[in-house]
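The structure appears below as structure tokens.
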Amino acid sequence: MQIERALAFGKELIRVQLWDTAGQERYRQSIVAHYYRNVNAVVFVYDVTNPRSFKSLPQWIQECRKHALTSSSDTPHILIGNKCDLQSAERVKTDEAQVFADQNDMALFETSALADSEADHVESIFMTLVHKLRQCKSMHVQTNEERVENEKKLLLKANEASDLEDNEGYCC
């Protein structure tokens, strides 16, 4: 699922686009390399009431590394523990999550997407992400003109490939 949101940051309006894979195993294999292109940040979300979701984070981090998305000043990573409003006997402890976040050079946030009392906290998470993105010197924000031009190039290359297939076996 794709989520887009515009955030006011100073005098700028910054569009944030998120790809939510819902942490399901089947998405790891189906997310192809082109989804990883032009990624400016990575947000890992785990369910604080489900330790299994927390334990799967190293696999997702490895997946990002395979696509050159390491946690650095160029591609900030954020770790979010969600569902803090729910009580559970099995719970990922904040201390454990903080150690993991520190080891992987990530900021840690805990919140609830549903609890009204946490709504401001969710907003502050996104503002922190935007702030980290603005600090990145190598971040390239694509203008609408560049996006249209890239789409034209992609379409042109697709058409060229189609033309080559039509003339298969023939010289130019």
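The values are calculated or read from the model by the stated rules, or taken from the named source; none is laboratory data. Treat the numbers as computed from the prediction; the structure is a model and nothing was measured. So basically every Cβ, Gly included, is an ideal-geometry build from the backbone, and we count neighbours across all protein chains shown.
Some observations on this one:
- Residue match in segment 89-96 (condition: without any contact (Cβ under 8 Å) to a residue 60 or more places away in the chain, loosely packed, with under 14 Cβ neighbours inside 10 Å and touching a helix residue (DSSP H, G or I) at 6+ places or on another chain (Cβ under 7 Å)): yes
- First in segment 43-65 and closer than 21 Å to Q17 by Cα, second anywhere and at pLDDT below 90 and assigned to a helix (DSSP H, G or I), Cβ under 8 Å, 6 or more apart: V43/L129; F44/W60; F44/I61; W60/R28; E63/R28
- In segment 85-126, residue nearest to the chain's Cα centre (by Cα) [restricted to those that are among the charged types (D, E, K, R) and assigned to a helix (DSSP H, G or I)]: E123
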